[in-house]
Amino acid sequence: MSVPLFDNLEIKYVANDILLIHQIKAKGNFSTCDGLVVLPKSGRNSKTIILDVNIEPKYIKGLNKIYGPISNYVCTHGHMDHTSHVHAWEKYGAIVHAPNPEAPYLLDLHKFYEGFGFNEAMDYIDIQKFGELNGFYKCHNVIPFEPAASLKFENFIIETISFPGHSKAHVGLFLPNEKILHISCLGFDQPKRDVDGFGPWYGFKECSIEQYLSDINYAEDLYIKKAEFLTSSHSYIAKNPDRSPFNYMRKKINDNQKRVDEALKTLNFQLDFEEKLKQLLELDIFFPKKKMEGFLLNIYTLWESWIIRKHLERSEITNK
Ligand SMILES: [Zn+2]
């Protein structure tokens, strides 16, 4: 589709009446995510429903013109790349739904700051700047749901699937009638088959690698047994029985472990856990922090410290 307004959007058909939307270029690194547009279908939904399409407001305006009116919007968790522009969908009439305990983060940036533990490492002003960079504006009203709840809009059914390894609220969206599994931020982030992204992301205190691995297995099983198509917040569309997205995610976690283990071998074994963590952080194993300053340096340092900490805890090198 090459409407001028949409030069920066990729719009792909997943099924007949379900589109995957991807914003190609964006201002902040954490300002957008791909999601689904569920077009009206007789006997199912009379108005368009939007599933986790966090893109810049001018594109939301354009999509609303073509596909509106919009009845409901479903957000999959409270990370900034899933919340920053939801206010614009609300402005065009969507009722916004989001999972607990992160639903309030769409209404109040300070709750995002406290909820993800930024407050233990930096001042609120850093998160205000981060919000500004990613174009965050709050919503007026959000209807919370519990992870793993089923949602029904007219006759359109969504089974939300709890994937808490990434964040407490994080859910995938399974559309049983359309046979689509949208795994949101589980870590399948390959724009193309042979291009790698970061992979599974677990840079907060609440994240867990063990939980992640079990979420990946659960998602794979559900996809193989019940879905035809696999979509995610940052990837191409996979088709059953292609299991490569799941192998990719496991491999990325494994590779991260190897990177930490290799770096660990260069350190003095006598050092205690916190000292090892401190020295590993200085190596910029995951993020180029030496090139950063100010609030971004603070934020990336917090994320990397949790990623390294989780690998340190499961490393077999430390236990020797
Ligand atoms: Zn996320």
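For the range 193-290, trypsin sites (Lys or Arg not before Pro) meeting the loop criterion (DSSP other than H, G, I, E, B) and having at most 15 other Cβ atoms within 10 Å: Arg193, Lys205, Arg243.
Could you do me a favour and compute the accessible area per residue for the range 1-122, 1.4 Å probe, result in Å²? Don't jump to the answer; show the numbers that get you there.
Working: 4720 Å² over 122 residues.
Value returned for the range 1-122: 39 Å² of accessible area per residue.
The Cα-based radius of gyration and maximum Cα-Cα distance (Dmax) for the range 231-315 are 15.8, 49 Å. Surface calculation, 1.4 Å probe, protein heavy atoms: Phe130 sits at approximately 10 Å² accessible.
Using the Cβ of Tyr124 as centre and a radius below 15 Å, the other residues enclosed give a net charge of -3, where K and R count +1 and D and E count -1.
Each Lys and Arg adds +1 at its Cβ and each Asp and Glu adds -1 at its Cβ; summed about the Cα centre, the range 75-196 shows a dipole of about 300 debye. Could you sort out which of Lys258/Lys310; Lys252/Lys310; Lys27/Lys138; Lys251/Lys289 sit more than 20 Å apart by Cα distance in this structure? Among Lys258/Lys310; Lys252/Lys310; Lys27/Lys138; Lys251/Lys289, the Cα-Cα distance tops 20 Å for Lys251/Lys289. In terms of the mean number of neighbouring beta-carbon atoms within 10 Å, the peptides 196-203, 68-75 order highest first as 68-75, 196-203. Averaged per residue, the range 261-320 has 58 square angstrom of accessible surface, using a 1.4 angstrom probe with ligands and nucleic acids left out.
One Cα centroid belongs to the range 210-270, the other to the range 129-174; the line between them spans 21 Å. Report the normalised scattering of the chain as log10 I(q)/I(0) at q = 0.07, 0.10 Å⁻¹, calculated by the Debye formula with identical scatterers on the alpha carbons. With one equal scatterer per Cα and no solvent, log10 I(q)/I(0) is -0.28, -0.56. Of the chymotrypsin sites (Phe, Trp or Tyr not before Pro) in the range 254-315, the ones in a loop by DSSP (not H, G, I, E or B) with at most 10 other beta carbons within 10 Å are Phe269. Its Cα centre serving as origin, the range 178-255 has a Cβ charge dipole (Lys and Arg +1, Asp and Glu -1) of approximately 160 debye. Per residue, the accessible area of the range 132-214 comes to 44 Å², computed with a 1.4 Å probe over protein heavy atoms only. Amide H contacts of Asn72: Ile50, Ile95, each under 5 Å away and 5 or more positions distant or on a separate chain (H built 1.01 Å from N in the peptide plane; Pro and chain starts excluded). The heavy atoms of Tyr124 present about 60 square angstrom of accessible area, all protein chains included, probe 1.4 Å.
Hey, got the dipole for the range 125-228? About the Cα centre, +1 on K and R Cβ, -1 on D and E Cβ, debye to the nearest 20? Could the numbers behind the result be given before it?
Numbers: 10 positive and 15 negative charges, 37 e Å.
Using Cβ point charges on Lys, Arg, Asp and Glu, the range 125-228 gives about 180 debye.
Return the carbon/sulfur percentage of the accessible area of the chain, one whole number, probe 1.4 Å, all protein chains in place.
On the way: 7340 of 14360 Å².
The nonpolar share, carbon plus sulfur, comes to 51 percent.
The values are calculated or read from the model by the stated rules, or taken from the named source; none is laboratory data. Because the structure is predicted, anything quoted here is derived from the model rather than measured. Cβ coordinates were reconstructed from backbone atoms using ideal geometry, including for glycine residues, and neighbour counts include every protein chain displayed. In case anyone asks, the SASA skips ligands and DNA or RNA and just uses the protein heavy atoms, side chains included. Shrake-Rupley method; radii C 1.70, N 1.55, O 1.52, S 1.80 Å.
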